[in-house]
Amino acid sequence: MNVENLIKSRNIPELLRLNCGRAVENAADFEIRKKEIKKLLQEEIYGVIPKKPDHMQVSLASENPVFCAGKADRKDLIFTVTVGEAEASFPVISVIPKGKTSCPAFVFMNFSPDSPDKYLPIEEIVDSGFAVFSFCHKEVTSDSGDFKHGIAPLFRKSRTPLNAPGKIAMWAWAAMRVMDYVETLDSIDLDNVAVVGHSRLGKTALLAGGFDERFKYVISNDSGCSGAALSRGKQGESVAVITNVFPYWFCPRYVANAATYEERGYDQHFLLALTAPRVLMVGSAEEDLWADPESEFLCTAAASEAFRLYGNRGLVHNDEVPTAKSVLDEGDILYHVRRGTHYMSREDWQEYMKYITKMMESK
Ligand code: GCU
């Protein structure tokens, strides 16, 4: 079956149709559609993303001017956010290559607070000329149903509405706060900032980047269910399973409607399409059947029609589902699948950096 028919066989809701029933025909229409999609995804899946804090303060905890053999400046920062009377803090590590005036940068959400880390080959990234602002999601608010930890009590009170933000929305909010800080730095090229995460944090990167247009590049690595994979017809993890094991990642309505989500009028290509006309990058791993590479590829292909409304080529593919080690980088969306298992590998980082560099040079 060709890609178009494979997508059709999933019976996904129409991306290019407004709620009033009129077809989306151009970029101006899609800007209206985006607003509808943002509302839908917040109400139905992730919960309402909170507004900016009333106040934010960034303080320096320590500094290393000879990080990575002296090639970069490292600053360990503490972000303190205030909402009304409530306050919370979380650490962020800033690593900026030396001697460059305008660096592209990654806002990277990680499973560990370390830099370097198995998922963060910081020296290789610095050598490629990128700055990295990283934080550990668990230090923002715990990866659990405990809504008393970290920033969670700022946004989720005891009576929980069906659209209350889940943890993914809160981590995405933290990535936006890091971007607020990045915007104050002279050394960063603000037209070339990426938001990136792996797995549950890949889902988070899609949400942060979909809602915050300051991120030029939105990178999802192996994000799977409720991330870059279509939910309808998906193999491996399903909406029923993810909402049973990790209900606190989402708003209560997603959990309540898990068995009937197909009647609710959304699928994950809506989330990916919010990045249009910016740059979307989706990475899969051949053996990551829980995430389901085929559903990630089809979702990326399905989202492409929104990008094309802006005169953007979207994902360029050969009309077949890519298998082991394929890089689809001809168009304005990157999709790649590498050999191996669920992981954020150096190979993934290299693909993303290569593609950003190519996009920067093509301007
Ligand atoms: C679990 C979960 C996935 C998630 C992954 C991760 O496997 O089922 O949805 O992506 O954890 O974040 O590592």
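Highest GNM mean-square fluctuation among L328, L274, L207, for the chain modelled with Cα contacts below 10 Å: L328. Shown in residue order for segment 240-247 are the 3J(HN,Hα) couplings computed by the Karplus curve 6.51 cos²θ - 1.76 cosθ + 1.60 at θ = phi - 60°: 4, 6, 5, 6, 7, 7, 10, x Hz (x for Gly and Pro). Amide H to amide H distances under 5 Å link A285 with R338, where only residues 5 or more positions off or on other chains count and H is placed in the peptide plane. The distance linking segment 106-148 with segment 321-362 is 20 Å (Cα centroid to Cα centroid, whole angstrom). Secondary-structure-derived ellipticity at 222 nm for the chain, considering helices only, amounts to -9000 deg cm²/dmol, per-run term -39500 (n - 2.57) for DSSP H runs with n ≥ 4.
Taking amide H as placed 1.01 Å from N in the peptide plane, F106 has its amide H under 5 Å from the amide H of A131, V132, F133, A194, each at least 5 places away in sequence or on another chain.
Report the charge-dipole magnitude of segment 216-354 in Debye, nearest 20, computed about the Cα centre from +1 at each Lys and Arg Cβ and -1 at each Asp and Glu Cβ. Kindly include the intermediate steps, with their values, before the conclusion.
On the way: 13 positive and 20 negative charges, 95 e Å.
Using Cβ point charges on Lys, Arg, Asp and Glu, segment 216-354 gives about 460 debye.
Under a 5 Å amide H cut-off, with hydrogens placed 1.01 Å from N, S231 pairs with Q268 among residues at least 5 apart or on other chains. Counting Lys and Arg as +1 and Asp and Glu as -1 over every other residue whose Cβ lies under 10 Å from the Cβ of S102, the net charge comes to -2. For segment 40-80, backbone nitrogen atoms closer than 18 Å to the point 7 Å from E263 Cα along Cα-to-C-beta are found at 44-45. Between segment 169-243 and segment 1-47, what is the separation of their alpha carbon centroids in Å? Centre-to-centre (Cα) distance: 19 Å. Considering only K325, K51, K38, the mean-square fluctuation computed in a Gaussian network model of the chain, springs between alpha carbons under 10 angstrom, is largest for K51.
Size of the dipole of the chain about the Cα centre, Lys and Arg at +1 and Asp and Glu at -1 on the beta carbon, nothing else charged, in debye to 20? Write down the numbers at each step before the final one.
On the way: 42 positive and 50 negative charges, 159 e Å.
With only Lys, Arg, Asp and Glu charged at Cβ, the dipole is about 760 debye.
Along segment 302-313 the Karplus relation, 6.51 cos²θ - 1.76 cosθ + 1.60 evaluated at θ = phi - 60°, assigns HN-Hα couplings of 5, 6, 3, 4, 5, 5, 5, 4, 9, x, 9, 7 Hz to successive residues, with x for each Gly and Pro.
Given a 1.4 angstrom probe, I'd like the percentage of the accessible area of the chain that is carbon and sulfur, rounded to a whole number. Write out the running numbers ahead of the final one.
Values: 7070 of 14360 Å².
Here it works out to 49 percent.
Taking other residues whose beta carbon is less than 13 angstrom from the beta carbon of K157, and scoring Lys, Arg as +1 and Asp, Glu as -1, yields +2.
What does the charge count near N312 come to, summing +1 for each Lys or Arg and -1 for each Asp or Glu among other residues with Cβ under 11 Å from its Cβ? Write down the numbers at each step before the final one.
On the way: positive: R278, R308, R313; negative: E305, D332.
Counting the neighbours of N312, the net charge comes to +1.
Per-residue Karplus couplings for segment 91-98, computed as 6.51 cos²θ - 1.76 cosθ + 1.60 with θ equal to phi - 60°, are listed in order as x, 9, 9, 10, 10, 10, x, 7 Hz, Gly and Pro entered as x.
Restricting to DSSP loop positions (anything but H, G, I, E, B) with no more than 14 other Cβ atoms inside 10 Å of their own Cβ, which trypsin sites (Lys or Arg not before Pro) remain in segment 262-317? Working shown, then result.
Values: sites: R264, R278, R308, R313; in loops: R264, R278, R313.
For trypsin sites (Lys or Arg not before Pro) across segment 262-317 that sit outside H, G, I, E and B with at most 14 neighbouring Cβ atoms in 10 Å, the list reads R313.
The overall shape of the chain is oblate: from the C-alpha gyration tensor, with semi-axes ordered a ≥ b ≥ c, the ratio a/c is 1.5 or greater and a/b is no larger than b/c. Placing a label point 7 Å from the Cα of K52 along the Cα-to-Cβ direction, the residues of segment 153-192 with a backbone N closer than 16 Å are 173-185.
Heavy atoms of the protein chains alone define the surface here; on that basis segment 3-361 has 39 Å² accessible area per residue at 1.4 Å probe size.
The values are calculated or read from the model by the stated rules, or taken from the named source; none is laboratory data. Predicted model, so just to flag it, every value in this text is computed and none were measured. Neighbour counts are summed over all protein chains in view; Cβ atoms, including those assigned to glycine, are modelled from backbone coordinates with ideal geometry. The accessibility values were calculated without ligands, DNA or RNA, using every heavy atom of the protein model including side chains. Shrake-Rupley method; radii C 1.70, N 1.55, O 1.52, S 1.80 Å.
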